[in-house]
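Worksheet: the structure to be examined is printed underneath.
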Amino acid sequence: MVPGRSATDSAAGFSPDFALGGEPVRRLGYGTAQLTGPGYWGPRGDARDAVAVLRRAVGRGVTLVDTADNYGPSIAEELVAEALYPYAEGLLIATKGGVVRTGDRAWHVDGRPERLRAMCEASLRRLRLEAIDLYQLHRLDPAVPMAEQLGALDELRAEGKIRHIGLDSVTAEQLEEALELTDIASVQNRFNLLDRDSEPLLKLCEARGIAFLPWFPLGNGSLTADPACARIAAAHGATAGQIALAWLLHRSPVLCPTPGTGSLAHLEENLDAGAVRLTAEDMAALG
């Protein structure tokens, strides 16, 4: 069901847009992890279905598409290019590097500068881009000084191969340290209605004007256990998932959720969440 609108926004100045690195994007984006198989490994069904979902997302007004080199690996980036190249003006493509996959349950962090360069250049080829709009360090490598990892990304930016730098799964303290070394346009951490451990990081992002792309924005299926969410969903003629996404959009102007799905029907449901307007009472009930 397409969600309705309530009479009042929960906060003055609610905006569906955010300037990520100075470039306007629709805050409700699309993530590509679910276009691959279980464990983000291998293909998921017919590639034509994935292409259709990506094209529909952009057709619905999505301007932020988030992917990663290790989704597949390589498969998600290749699907993005197959579906969307040549890219529409104003479409921001974000990808990630710094994690190597050797199996469906094997993830290896590798932040050595030479490896980050090789990963970035491979992503450029797969995405058919001259410059990646937002290149995110998928994990900080504890075996490599942060200055060396970010220094490698700074060099790639100076060469015009990436435009903005982001970080994935960091603490507020690590972001502070990173900001002493270079400009950071975005972070990605787990954050949703039922998991708010990254609240200190969110506050820092708000203070510094940094986009926060929450992963698992739908709580990985756990939202049905929240009675307030179910009650508010019923009042709005919406689903619990739509309320969870609307909560993120109302919770902070820097939150830019990129829920992923391989289903056209689920995509429509997710994007319809952008039309939900939660009241101050709704937000108070959700906490």
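The values are calculated or read from the model by the stated rules, or taken from the named source; none is laboratory data. The structure displayed is predicted, hence computed values, not measured ones. Ideal geometry is used to build each Cβ from the backbone, glycine not excepted, and the neighbour counts take in all protein chains shown. Heads up: the accessible areas ignore ligands, DNA and RNA and are worked out on the full protein's heavy atoms, side chains in. Shrake-Rupley method; radii C 1.70, N 1.55, O 1.52, S 1.80 Å.
Being closer than 30 Å to Gly151 by Cα, open to solvent by 20 Å² or more (accessible area, probe 1.4 Å), among the hydrophobic types (A, V, I, L, M, F, W, C) and more than 19 Å from the chain's Cα centre (by Cα) is a description that does not apply to Ala285. Considering segment 45-101 alone, what residues qualify as being assigned to a loop (DSSP other than H, G, I, E, B), in contact with a helix residue (DSSP H, G or I) (Cβ under 6 Å, 6 or more places away or on another chain) and open to solvent by 50 Å² or more (accessible area, probe 1.4 Å)? The answer is Arg60, and nothing else.
Let's see how each residue does on (1) in contact with a Leu (Cβ under 7 Å, 6 or more places away or on another chain); (2) of a type outside the set (D, E, K, R):
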| site | (1), (2) |
| --- | --- |
| Gly209 | no, yes |
| Trp215 | no, yes |
| Gly219 | yes, yes |
| Pro227 | no, yes |
| Ala230 | no, yes |
| His236 | no, yes |
| Thr239 | no, yes |
| Arg251 | no, no |
| Gly260 | no, yes |
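Could you go through segment 250-268 and let me know if any residue there is over 30 Å from Leu175 (Cα atoms), modelled with pLDDT of 95 or more and acidic (Asp, Glu). Among the residues of segment 250-268, at least one is over 30 Å from Leu175 (Cα atoms), modelled with pLDDT of 95 or more and acidic (Asp, Glu), which makes the answer yes.
Right, Leu271: without any contact (Cβ under 8 Å) to a residue 60 or more places away in the chain, under 29 Å from Leu35 (Cβ atoms) and in contact with a strand residue (DSSP E or B) (Cβ under 9 Å, 6 or more places away or on another chain) or not?
Numbers: without any contact (Cβ under 8 Å) to a residue 60 or more places away in the chain: no; under 29 Å from Leu35 (Cβ atoms): yes; in contact with a strand residue (DSSP E or B) (Cβ under 9 Å, 6 or more places away or on another chain): yes.
Here the answer is no, as Leu271 does not meet what is asked.
Figure legend. Inter-residue proximity from segment 222-250: first residues of a type in the set (Ser, Thr, Tyr), second residues open to solvent by less than 20 Å² (accessible area, probe 1.4 Å) and not in a loop (DSSP other than H, G, I, E, B), beta-carbon distance below 6 Å, spacing 6+ or different chains. Indicated pairs: Thr239/Ala233.
Quick one: would you say Ala238 is in a helix (DSSP H, G or I), of a type in the set (A, V, I, L, M) and either open to solvent by less than 50 Å² (accessible area, probe 1.4 Å) or within 20 Å of Gly21 (Cβ to Cβ) (or both)?
On the way: in a helix (DSSP H, G or I): no; of a type in the set (A, V, I, L, M): yes; either open to solvent by less than 50 Å² (accessible area, probe 1.4 Å) or within 20 Å of Gly21 (Cβ to Cβ) (or both): yes.
Against the criterion (in a helix (DSSP H, G or I), of a type in the set (A, V, I, L, M) and either open to solvent by less than 50 Å² (accessible area, probe 1.4 Å) or within 20 Å of Gly21 (Cβ to Cβ) (or both)), Ala238 does not qualify.
Being modelled with pLDDT of 95 or more and surrounded by fewer than 16 Cβ atoms within 10 Å (Cβ to Cβ) is the requirement here; does Ala246 meet it? When the stated conditions are applied, Ala246 does not pass them.
Number of residues in segment 249-282 that are open to solvent by less than 40 Å² (accessible area, probe 1.4 Å) and outside any loop (DSSP other than H, G, I, E, B) equals 12.
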